[in-house]
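Take a look at the structure below.
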Amino acid sequence: MSSEKVENRICQNCKKEFTIESEDFNFYEKIKVPPPTWCPECRLIRRICFRNERTLYKSKCQAKGHGEEMISTFSSDKPDRVYCHKAWWADDWDPMDYGKDYDFSRSFFEQMRELWKSVPDIGLFNINPVNSDYCSITENNKNCYLLVGADHNENSLYSSFIFNSKECVDCHFVSKSEKNYETTDCISCFNLKYSRYCETCYDSSFLFNCRNCHDCFGCVNLINQEYCIYNKQYTKEEYIKKMKELDFGSYKEIKKTQEKFNGFSLKFPRRFAKIVKSINVSGDFIEGSKKCANCFSVFGGAEDCKNVWLIYSQIKDCYDIDHSGLTTLECYESSSVYPGNQILFSRFIFNCHNVEYSYNCHGSSYLFGCVGLRNKKYCIFNQQYDKKDFLVLRERIINHMSNIPYKDKKGRIFTYGEFFPIELSPFAYNETVAQELNSLGKKEIESLGFNYIEDDERNYKIQKEWKDLPDNIDDISENIISVVIGCEHKGECNDKCTKAFKIIEAEFSFYKNYRIPLPRLCPNCRYYNRFRQKNPLKLWHRKCMCDKKHNNHKGWCEVEFETSYAPDRPEIVYCEKCYQQEVY
């Protein structure tokens, strides 16, 4: 019989109140797990404290007979044993050799971290790269540099979550595009610069939420337009003349234009959420979904899901998962599942089902507390069991996790039903995606009981300060390549600032070819600036701000909604009907 109760709880971590709805209890009963003791936001932060995408190091492969230098997400001082991609997939070692008996005198999580440290890990997830060694969690990229979470791209640099694109630099969430610079959330665009939320636009700059536009500048909410400047129509000849008056190669001119455009864009209404072909959903950037709550960046459809982020290709009956997809079903508190069925409290799980508390496992099923397994079944702590013994031992361990819980250094209690404690992560808080979603300084990180890592001492000397760079790209020669340039932030931000950076040859050619001024920030600071353009993964209850006389309301619209635009933000936020009436 399904539960109909609603319960308010206090989060173990942030001490704020959160609500468990009746449908949530039904889900937990269905997958046979206890209700959570952390709120949804803290549960997400806890998971992504185990995901390092951008902080890369040089180290040596520790596999027998190797020792070659490699790029890794693990710093050399980490206790984890790390192999290069080729060595990890080789057949000359067996993860089962690291198996151990379960010790009922000690907590599960303490033993799990020991196993995790002993089994070799992959230094960097970078599949089939061609001249693209400095890419992280990527696949099939050619001639690319410092891409993150990006697949099937060519000649692209310093970008994250871009797909099937060419010659894109400093982009975020871009697909099927070419020759883009500083664009975010854009699809099928060509030669587009300094723009957001655009689709099938080309030969344009400074656009926001435009579709099927070309030769436009500084425009907002336009559809099927050409030769427009700040939403004003010009003839082709007038447009060309006006564009010649602007110096796109000047850093000062671009900064001035950006400030003007940001102010101009605030005059136009924003859709409360980007929800396409979806029914009964809440969140933002959702397509082809139904019956989903508090979900963000869901592409390719989801059904009966809650608290998910960065999902694609049909997931169903999933709660609290991120960076997952490909027909994933009945998963909970997991990260990076491609695909999976009944995956609980696990991360980096590929083509598996019925897996709990495991990491980096492939083509396996019925695992509990396993690391690095491939094509295995009925395993606990990397040891093989028959089906009957597996099921009996699993139940004993679940009961034991409640009888001898793990207590972290801040006194937070972890039993069966909780994801791994953050202090067990192989990464420091400020190395991970958690720093992007919730940027904290050293004192804040350590006060919360999380690990912090100091920046490596760098033996370079800044050769040119950012403020001493020539303003115009036309005045900069190839001699700038490999010169150490001081970052404008000087390491005084929380954005993993490297304090200095270099311009590589491919990057300089791109800037020259498309008359783009040199950046004054290091790649990390530029990324954090782009990331902050996106709305937070949080919803506020608000009312439509439309006061126009349409959609059967004569004064202020009375429609209410959940939106990722906080009430104190300056944007004008409309409900879907008012937005459609105004824009379309």
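The values are calculated or read from the model by the stated rules, or taken from the named source; none is laboratory data. Quantities reported herein were computed from a predicted structural model and do not represent experimental measurements. In this analysis, Cβ positions are derived from the backbone assuming ideal geometry, glycine residues included, and neighbour counts consider all displayed protein chains.
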> So which residues in region 125-146 are among the aliphatic types (A, V, I, L, M) and surrounded by fewer than 23 Cβ atoms within 10 Å (Cβ to Cβ), if there are any at all?
Replying inline: 127, 130, 146
>> I'd like the full set of residues that are in contact (Cβ under 8 Å) with a residue 60 or more places away in the chain and either assigned to a helix (DSSP H, G or I) or surrounded by fewer than 19 Cβ atoms within 10 Å (Cβ to Cβ) (or both), limited to region 537-560.
In response: 538, 542, 545
>> Out of 419, 427, I need the residue that is in a loop (DSSP other than H, G, I, E, B), in contact with a strand residue (DSSP E or B) (Cβ under 7 Å, 6 or more places away or on another chain), within 26 Å of residue 55 (Cα to Cα) and of a type in the set (Phe, Trp, Tyr). Which one?
In response: 419
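Only one of 335, 278, 265 is of a type in the set (Ser, Thr, Tyr), in contact with a helix residue (DSSP H, G or I) (Cβ under 7 Å, 6 or more places away or on another chain), modelled with pLDDT of 95 or more and not assigned by TED's automatic domain parsing to the domain that holds residue 570. Can you tell me which?
Details: 278 fails: in contact with a helix residue (DSSP H, G or I) (Cβ under 7 Å, 6 or more places away or on another chain); 265 fails: in contact with a helix residue (DSSP H, G or I) (Cβ under 7 Å, 6 or more places away or on another chain).
Of 335, 278, 265, the one residue that is of a type in the set (Ser, Thr, Tyr), in contact with a helix residue (DSSP H, G or I) (Cβ under 7 Å, 6 or more places away or on another chain), modelled with pLDDT of 95 or more and not assigned by TED's automatic domain parsing to the domain that holds residue 570 is 335.
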> Pairs under 6 Å by beta carbon, first residue of a type in the set (Lys, Arg) in region 40-62, partner crowded, with 20+ Cβ neighbours inside 10 Å and in a helix (DSSP H, G or I), six or more apart or different chains?
Replying inline: 46/422
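From 406, 366, 359, which residue is touching a strand residue (DSSP E or B) at 6+ places or on another chain (Cβ under 7 Å) and over 25 Å from residue 49 (Cβ atoms)? Explain how you work it out, then say what you get.
Details: 406 fails: over 25 Å from residue 49 (Cβ atoms); 359 fails: over 25 Å from residue 49 (Cβ atoms).
After ruling out the rest, the residue left standing is 366.
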> Which number in (1) surrounded by fewer than 17 Cβ atoms within 10 Å (Cβ to Cβ); (2) out of contact with any Asp or Glu (no Cβ under 9 Å at 6 or more places or on another chain); (3) without any contact (Cβ under 8 Å) to a residue 60 or more places away in the chain marks the one condition that residue 410 misses?
Replying inline: (2)
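Applying the selection to region 482-514, what residues are of a type in the set (Ser, Thr, Tyr) and surrounded by fewer than 16 Cβ atoms within 10 Å (Cβ to Cβ)?
Taking region 482-514 and keeping what is of a type in the set (Ser, Thr, Tyr), we get 482, 498, 509, 511, 514.
Residues satisfying the conditions are 482, 509.
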>> Residue under question is residue 468, and the condition is that it be in contact (Cβ under 8 Å) with a residue 60 or more places away in the chain and farther than 30 Å from residue 41 by Cα; does it hold?
In response: no
> Can you name the residue in region 147-172 that is without any contact (Cβ under 8 Å) to a residue 60 or more places away in the chain and acidic (Asp, Glu) and is also surrounded by the fewest Cβ atoms within 10 Å (Cβ to Cβ) among such residues?
Replying inline: 154
> Of all residues in region 70-105, which are farther than 14 Å from residue 381 by Cα, touching a residue at least 40 places away in the same chain (Cβ under 8 Å) and among the charged types (D, E, K, R)?
Replying inline: 78, 80, 81
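Can we say residue 459 is without any contact (Cβ under 8 Å) to a residue 24 or more places away in the chain, assigned to a loop (DSSP other than H, G, I, E, B) and among the polar types (S, T, N, Q)? Explain how you work it out, then say what you get.
Details: without any contact (Cβ under 8 Å) to a residue 24 or more places away in the chain: yes; assigned to a loop (DSSP other than H, G, I, E, B): yes; among the polar types (S, T, N, Q): yes.
Taking the combined requirement at face value, the residue satisfies it.
What number of residues within region 131-146 are touching a residue at least 60 places away in the same chain (Cβ under 8 Å) and either outside any strand (DSSP E or B) or among the polar types (S, T, N, Q) (or both)? Reasoning before the result, please.
Step one: list which residues in region 131-146 are touching a residue at least 60 places away in the same chain (Cβ under 8 Å), which gives 133-134, 136-137, 143, 145-146.
Now narrow it down to the ones that are either outside any strand (DSSP E or B) or among the polar types (S, T, N, Q) (or both): 133-134, 136-137, 143.
Total satisfying the criteria: 5.
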> Could you list, in sequence order, the residues of region 515-536 that are in a loop (DSSP other than H, G, I, E, B) and under 30 Å from residue 473 (Cα atoms)?
Replying inline: 515, 516, 517, 518, 519, 520, 521, 522, 532, 533, 534
> Can you name the residue in region 445-481 that is among the hydrophobic types (A, V, I, L, M, F, W, C) and in contact with a helix residue (DSSP H, G or I) (Cβ under 7 Å, 6 or more places away or on another chain) and, of all such residues, is surrounded by the most Cβ atoms within 10 Å (Cβ to Cβ)?
Replying inline: 450
> Looking at region 326-340, which of its residues are surrounded by fewer than 24 Cβ atoms within 10 Å (Cβ to Cβ) and free of Cβ contacts under 8 Å to residues at least 40 places away in the same chain?
Replying inline: 326, 327, 329, 338, 339
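Just give me the residues in region 147-162 being of a type outside the set (S, T, N, Q), assigned to a strand (DSSP E or B) and under 16 Å from the mean Cα position of the chain (by Cα), in sequence order.
Going through region 147-162, the residues of a type outside the set (S, T, N, Q) turn out to be 147-152, 154, 157-158, 161-162.
Those left that are additionally assigned to a strand (DSSP E or B): 147-148, 151, 154, 157-158, 161-162.
Selection gives 147, 148, 151, 158, 161, 162.
Can you tell me which residue is nearest to residue 12 (Cα to Cα) among those in region 381-416 that are part of a loop (DSSP other than H, G, I, E, B) and of a type in the set (Phe, Trp, Tyr)? Lay out the reasoning, then the answer.
In the first step, residues of region 381-416 are kept if they are part of a loop (DSSP other than H, G, I, E, B); the result is 381-382, 385-386, 404-405, 408-412, 415-416.
So of that shortlist, the ones also of a type in the set (Phe, Trp, Tyr) come out as 381, 385, 416.
On the way: 381: 28, 385: 35, 416: 15 Å.
Within region 381-416, the match that is nearest to residue 12 (Cα to Cα) is 416.
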>> Restricting to region 280-304, give me the number of residues that are crowded, with 24+ Cβ neighbours inside 10 Å, without any contact (Cβ under 8 Å) to a residue 60 or more places away in the chain and part of a strand (DSSP E or B).
In response: 5
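Considering 527, 574, which residue is aromatic (Phe, Trp, Tyr), modelled with pLDDT of 95 or more, buried (at least 20 other Cβ atoms within 10 Å of the Cβ) and within 21 Å of the chain's Cα centre (by Cα)? Break it down into steps so the answer makes sense when it comes.
Working: 574 fails: within 21 Å of the chain's Cα centre (by Cα).
Going through 527, 574 in turn, the sole match is 527.
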> If we keep just the residues of region 37-96 that are assigned to a loop (DSSP other than H, G, I, E, B) and small (Gly, Ala, Ser), which is surrounded by the fewest Cβ atoms within 10 Å (Cβ to Cβ)?
Replying inline: 65
